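Down below is the structure, laid out as structure tokens.
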Amino acid sequence: MTHNPAGSPNQYQQPQQQPYAGQPAPVAAAERGKFPTVLLLVSTVLVGLMAGLFFAFDVSVMPGLAKADDRTYVTAMQNFNSVIDGSPVFGMAFMLALVAAVVSAIVEFRKGRRNVAIWVAAAAVAYFVVLLITFSVNIPLNNELADAGDALKMTDFSIVEKFKTTWVSTNIVRTLLCTVALTALSRALLLYGRATR
């Protein structure tokens, strides 16, 4: 049995592995690992915010306005639309919700987590339909209302009936679609957590 003098290196000690050229540093790899998580969370939160906004109009704003006279209805809706259209926070959240969902679906697919990607993609499709409805129905009605001008000088209030029927109905559809998208993203988060545990 050989004696290993104190201070001399152990001949059986494995040399510390050095990262080879091009190997990502642990911190950088960890940061990249957080990106899919952040992306999925951002998408879920933004879609949830949109669902909440549309729902608030469904259950409080529009029913409340329906009890007002036509001039008050027009003035209030013009003010609501003006504030929302001028809000960069709303505009960013409204569009970024779709962008985040699409990018998240692509990332999850490339990472091999296809069950997660499918649910995120389903959410993106549902939310895309929300955008289509918004730009094809709700925004044109909002513009028509804005073009009507000062409610105190209006004599034709047929636009109010369009809002009480078409605008309100399509907003309910938007709420339902956002809820579907939010449910799909919640399912995706659950599957993502299981896959990365």
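The values are calculated or read from the model by the stated rules, or taken from the named source; none is laboratory data. None of the values given here were measured: they were computed from a predicted structure. Counting neighbours? That spans all protein chains shown, and the Cβs are built from the backbone with ideal geometry, glycine included. For the accessible areas, the whole protein counts, side chains as well, though only heavy atoms, and no ligand, DNA or RNA atoms are used. Shrake-Rupley method; radii C 1.70, N 1.55, O 1.52, S 1.80 Å.
Pairs linking a residue in region 70-95 that is free of Cβ contacts under 8 Å to residues at least 24 places away in the same chain to a residue that is part of a loop (DSSP other than H, G, I, E, B), with Cβ atoms under 8 Å and 6 or more positions apart or on different chains, are 76/68. For the residues 126, 121, 117, the requirement of being surrounded by 13 or more Cβ atoms within 10 Å (Cβ to Cβ) and under 21 Å from residue 53 (Cα atoms) singles out 126. In this structure, is residue 54 within 25 Å of residue 182 (Cα to Cα), under 17 Å from the mean Cα position of the chain (by Cα) and open to solvent by 30 Å² or more (accessible area, probe 1.4 Å)? Here the answer is no, as residue 54 does not meet what is asked.
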